[in-house]
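Read through the structure below, which is laid out as structure tokens, and then see the notes.
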Amino acid sequence: PLSGWHTLKIFDMLGNEIATLVNEYKPAGNFEVEFNPTSSIRIPASGIYFYQLKVGNLTQSKKMILIK
């Protein structure tokens, strides 16, 4: 719900950064981002990953499961 600089990153279980999906200024609103693992530098396997969304001073991290 906030305008500002948005950063969305994907991490593996060890805390290594897998991909940065968003790193730009966005207005307030709803957005969708597709995580296509074959386009990232490292091709992750199926498993548990974490995503981190930063907007201004707000930081939110959640768990996700990637199934191939």
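A few notes on this one:
- Distant-in-sequence amide contacts of L2, defined by a placed amide H-H separation under 5 Å and a gap of 5 or more residues or a different chain, comprise G29.
- For L66 and S3, the FRET efficiency from 1/(1 + (r/R0)^6), where r spans their Cβ atoms and R0 equals 25 Å, is about 0.25.
- Of the solvent-accessible surface of the chain, computed with a 1.4 Å probe and all protein chains present, 54% belongs to carbon and sulfur.
- Residue by residue, segment 56-67 carries 3J(HN,Hα) couplings of x, 8, 8, 10, 9, 10, 9, 9, 9, 10, 9, 10 Hz when phi is fed to the Karplus relation 6.51 cos²θ - 1.76 cosθ + 1.60 (θ = phi - 60°); x denotes Gly or Pro.
- What the chain shows is 75 Å² of accessible area per residue, with the surface traced by a 1.4 Å probe over protein heavy atoms.
- Overall form of the chain per C-alpha gyration tensor (a/c, 1.5; a/b vs b/c): prolate
The values are calculated or read from the model by the stated rules, or taken from the named source; none is laboratory data. Predicted model, so just to flag it, every value in this text is computed and none were measured. No Cβ is skipped: glycine too gets one built from the backbone with ideal geometry, and neighbour counts run over all protein chains shown. Side chains included, ligands, DNA and RNA excluded: accessible areas come from the protein's heavy atoms. Shrake-Rupley method; radii C 1.70, N 1.55, O 1.52, S 1.80 Å.
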